[in-house]
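No lab work stands behind these numbers, since they all come straight from the coordinates. Treat the numbers as computed from the prediction; the structure is a model and nothing was measured. Positions of Cβ are backbone-derived with ideal geometry, glycine not excepted, and every protein chain shown enters the neighbour counts.
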Amino acid sequence: MGGPLSGCKVVELAGLGPAPFAAMTLADMGAEVVRVERPGGSGFFPGLEHVDILNRGKKSIALDLKDSRAVDVVLDLVTRADILVEGYRPGVAERLGLGPDVCFARNSQLVYGRMTGWGQHGPLAHSAGHDIGYIALTGALHAIGTAGGPPQIPLNLVGDFGGGANYLVMGVLAALRHADRTGEGQVVDAAIVDGAAHLLGSAHMMIAAGAWTDERGRNMLDGGWPFYAVYATADAKYMAVGALEPQFYAELLRILDLGLDPKAQHDRSQWPEVRRLLITAFAERTRDEWAAVFDGTDACVAPVLSIEEAATHPHVVARGTVVEHHGVLQAAPAPRFSRTVTGFGTPPPKPGQDTHTVLREWAVVDVAGIAGVADPLAT
């Protein structure tokens with residue numbers, strides 16, 4: 001496949017969650033990604049690897065990294081790679097004999113991408129964790145939810161993928177640019193806690209300006225303002241209202257015919273009544289009826305769709321944003337490029353299916369020397 005990273009070689013030491021997502025994104029952009037699995041696989045759904053879209057576009061080799069010969073094979077791959085991605089706890093790659101120093105001795109231009117929850121140092125660096133805990137310590141989880149209610153979990157979008165995988169991708173691509181210019185490789189320490197905190201930049205800014213209270217459900221972007229909130233419809237579904245700017249708020253009031261003065265938008269003394277009127281109005285029709293009313297307007301109102309419903313929305317369909325590929329519903333590669341056009345790569349591989357092909361194409365070892373499932377180097 002093409003893409004702006006065509007010709008870039010990536011070695012991924014198999015794990016779960018954000019590191020595979022980051023490597024998938026690199027593959028979506030055209031990189032050749034070789035995922036180093038342990039024998040038997042490393043995914044969430046054994047036997048259902050064909051639906052593990054975080055591994056789409058990759059090749060899979062199976063190696064037992066407890067065997068020194070397998071480690072030597074990975075180091076041979078590293079010699080030929082531009083990027084290595086690993087998502088182990090700090091120190092694990094070093095204990096396997098695949099830490100940065102060893103890899104740089106083989107390839108001084110290598111970009112060594114490390115994906116962790118807490119980072120490579122700090123009091124919690126060696127502690128277990130999950131997305132929910134990482135975003136809890138940054139303040140992000142505290143900020144999401146309704147006033148007076150508990151924090152709401154934003155799936156693992158803010159931590160694992162937003163603050164983790166995407167920052168790892170940005171980091172390794174920036175480091176790759178440096179390596180291409182100078183010949184110097186480096187380590188990219190991508191920590192979910194760092195990225196999630198970085199995503200809170202606008203909240204930190206508004207706190208500093210006195211425009212944000214550190215309580216959820218009371219601010220501009222957390223549902224605290226009545227014209228940026230979610231409202232239930234007659235069929236127990238929801239509409240999302242984002243009429244922040246005056247012209248959009250005026251359009252919202254015009255369509256709903258609430259009898260409110262749009263010039264009083266920021267009169268907080270009126271907000272309880274504004275919210276009450278919006279609640280009453282949206283409860284009078286179904287979600288799809290309201291969607292039809294607001295379609296094509298500038299009121300910034302949209303129906304809240306389920307994941308499966310979203311795939312059938314006319315705009316999503318027109319752009320090919322979510323499609324069925326090899327029988328699995330999934331998002332298309334993003335972002336889009338005008339010259340180096342990206343596309344779907346190969347379907348997710350079975351663990352180890354490309355072992356012999358990769359080692360032959362990358363000229364690592366004599367394939368005949370590792371044939372057979374009894375050998376610790378291959379499955």
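Values for this structure:
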read-out	value
Shape call, the chain: gyration tensor on alpha carbons, a/c limit 1.5	prolate
Projected area, mean over directions - the range 228-316, Cα convex hull, nm²	5.7
Relative exposure of ILE192, ILE53, judged by other C-beta atoms within 10 Å (fewest first)	ILE53, ILE192
Approximate spin-label separation HIS204-SER108, in nm, with each point projected 7 Å along Cα-to-Cβ	3.5
Charge dipole (debye, nearest 20) of the range 160-231; +1 at Cβ of Lys and Arg, -1 at Cβ of Asp and Glu	200
Potential extension, ARG95-LYS350 segment - 0.36 nm per residue separation minus Cα distance	89.1 nm
Under 5 Å, built H, 5+ apart or other chain: amide partners of GLU12	VAL34, ARG35, VAL36, VAL85
Proxy reagent accessibility, fewest Cβ within 10 Å first, across VAL316, VAL169	VAL316, VAL169
Helix runs (DSSP H) in the chain reaching 20 Å along axis by Cα, Kyte-Doolittle at least 0.0	166-182
Length added when fully stretched, HIS126-THR213, from 0.36 nm per residue minus Cα-Cα	28.0 nm
